[in-house]
Amino acid sequence: MVSGLVRSKVKELEFANQFLLDGWEVFLPLVDENETDMVVTKGDEFYRIQIKREEPDKVNLGQITNSWKNPPIFDFLVFYVTQQDRGFILPKQVCQKSGNIELLNKNKEIKETYQHLAFKKSKFTERFRYIVENRDNLVKGVNTIKSKH
């Protein structure tokens, strides 16, 4: 049986691979105690990325608990929902609220407020570039959401 830690590391490496195939340089820390699973860079841009994956047997699918420093050290949180082969790219501004961030509704559909931050696995780097370029405008609508405690 593969541990959750190994499955998480495999998911991080899958995203690192997607970045590499899209022409980004990827740097992986030996130890990721500071909320950064990788740093990606292209030209003069660089971003600290935190990767989280949904536990397959989790009761609250599409919900992530904010347990990061405020403000978070990372620039983007990539939250991947394995069962649905899709995820969310959340700028750190979205992760500054305490409590739970609920990305899916009870029918396991993406909440309208987070549609613009969602991605399908096959379009991850394309969506990442879009969110990076438009994050200030994209975050405005999300920051009006109240987190549930």
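Just to check I understand the Karplus step: with θ = phi - 60° and J = 6.51 cos²θ - 1.76 cosθ + 1.60, what whole-Hz values come out for the stretch 107-118, glycine and proline as x?
Calculated HN-Hα couplings, in order: 8, 6, 9, 5, 5, 3, 4, 9, 3, 6, 10, 8 Hz.
Only bridges with both residues in the chain count here: give the DSSP antiparallel percent, nearest 5.
80
Excluding residues fewer than 8 places away in the same chain, name every one of the aspartates and glutamates whose C-alpha is closer than 19 Å to that of Lys42.
Answer for Lys42, where 19 Å is the Cα cut-off: Glu12, Glu14, Asp22, Glu25, Asp75, Glu126, Glu133, listed by chain and number.
If amide hydrogens are placed 1.01 Å from N in the peptide plane, which non-local residues have theirs closer than 5 Å to the one on Lys111?
Counting only residues 5 or more places away or on other chains, the set is Leu104, Asn105.
Could you tell me what % of all Cα pairs in the stretch 4-142 have separations over 22 Å?
That tail contains 33 percent of the Cα-Cα pairs.
Just so you know, all these numbers are worked out from the coordinates, no wet-lab data involved. Since this is a predicted model, take the numbers as computed values, not measurements.
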